[in-house]
Amino acid sequence: TGLVKLAFSGNTPFTAEVYYVSSRDMIDQRWGTTEPITLPDSILGMVRIRAHGTYSLAVSEPQRFVAQVVGARGYYSTKDITNYLRGIIISRLSSVLGENFSTILEMPSMFDGVSAAGRARLQDDFAAIGLALKQFFIESVSPTEETSKAIDERPSMGAIGDMDKYVKFK
């Protein structure tokens with residue numbers, strides 16, 4: 001080292017960067033839609049829904065994770081990456097819901113199936129950045145206020161009967 005420092009004016013040309021990556025499971029990570037998702041509904045026509053849930057992950061390939069995510073920034077916490085992951089989750093979940101959704105009224109019975117399909121669809125996206133998706137759950141799918149009003153009005157529309165006759169009567 002003395003000769004190297006002497007040859008390079010006291011500064012070494014050989015620098016090294018050390019990254020510490022936690023490989024433990026990061027549980028109870030939350031995700032949720034920031035904007036409602038619009039889907040066709042077999043009973044109500046079109047509905048706008050919000051969804052949220054939890055997932056857990058771990059860094060499976062530290063070298064890939066550092067190269068793909070950390071890069072030049074040098075420090076990332078779990079909070080820093082959750083917004084990025086949330087975008088991936090919402091994108092893939094929207095696709096899964098679009099393929100499997102029939103009506104919001106049946107949605108609670110579909111949580112397990114949609115969660116499993118969402119997890120399968122997300123595995124490759126997480127693996128591409130060195131992460132392993134351990135668990136993925138949908139906790140709730142809820143309608144927006146407008147959709148809730150339409151759901152509440154639906155029974156009263158049925159009680160009226162023929163809408164054309166009702167309008168003519170009015």
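The values are calculated or read from the model by the stated rules, or taken from the named source; none is laboratory data. Since the structure is predicted, the reported quantities are computational estimates derived from the model, not experimental observations. FYI the Cβ positions are ideal-geometry reconstructions off the backbone, even for glycines, and counts take in every protein chain you see. Keep in mind that these areas ignore ligands, DNA and RNA; they rest on the heavy atoms of the full protein, side chains included. Shrake-Rupley method; radii C 1.70, N 1.55, O 1.52, S 1.80 Å.
What to note about this one:
- In this structure, Glu99 does not qualify as closer than 26 Å to Gly113 by Cα and in contact with a strand residue (DSSP E or B) (Cβ under 9 Å, 6 or more places away or on another chain).
- Filter result for the condition that a residue is open to solvent by 70 Å² or more (accessible area, probe 1.4 Å), part of a helix (DSSP H, G or I) and either over 30 Å from Glu17 (Cβ atoms) or modelled with pLDDT under 75 (or both), over Ala150, Ala67, Ala116, Ala159: Ala159
- Residue selected from segment 30-44 under the condition open to solvent by 30 Å² or more (accessible area, probe 1.4 Å) and under 21 Å from the mean Cα position of the chain (by Cα), by the criterion nearest to Phe101 (Cα to Cα): Pro40
- Test for Val21: is it open to solvent by less than 80 Å² (accessible area, probe 1.4 Å) and over 30 Å from Gly98 (Cβ atoms): yes
- All of (1) under 30 Å from Met107 (Cα atoms); (2) touching a strand residue (DSSP E or B) at 6+ places or on another chain (Cβ under 6 Å) hold for Phe65 with one exception: (1).
- Criterion: open to solvent by less than 60 Å² (accessible area, probe 1.4 Å), hydrophobic (A, V, I, L, M, F, W, C) and within 13 Å of the chain's Cα centre (by Cα) - qualifying residue of Val47, Val96: Val96
- Only one of Leu97, Leu93 that is touching a residue at least 24 places away in the same chain (Cβ under 8 Å) and in contact with a Gly (Cβ under 8 Å, 6 or more places away or on another chain): Leu93
- Scope segment 72-93; condition open to solvent by less than 30 Å² (accessible area, probe 1.4 Å) and closer than 30 Å to Ala16 by Cβ; matching residues: Ile81, Thr82, Leu85
- Among (1) open to solvent by 50 Å² or more (accessible area, probe 1.4 Å); (2) of a type in the set (S, T, N, Q); (3) assigned to a strand (DSSP E or B), the one test that Thr54 misses: (1)
- Qualifying positions in segment 126-147 - in a helix (DSSP H, G or I) and open to solvent by less than 40 Å² (accessible area, probe 1.4 Å): Phe126, Ala127, Thr147
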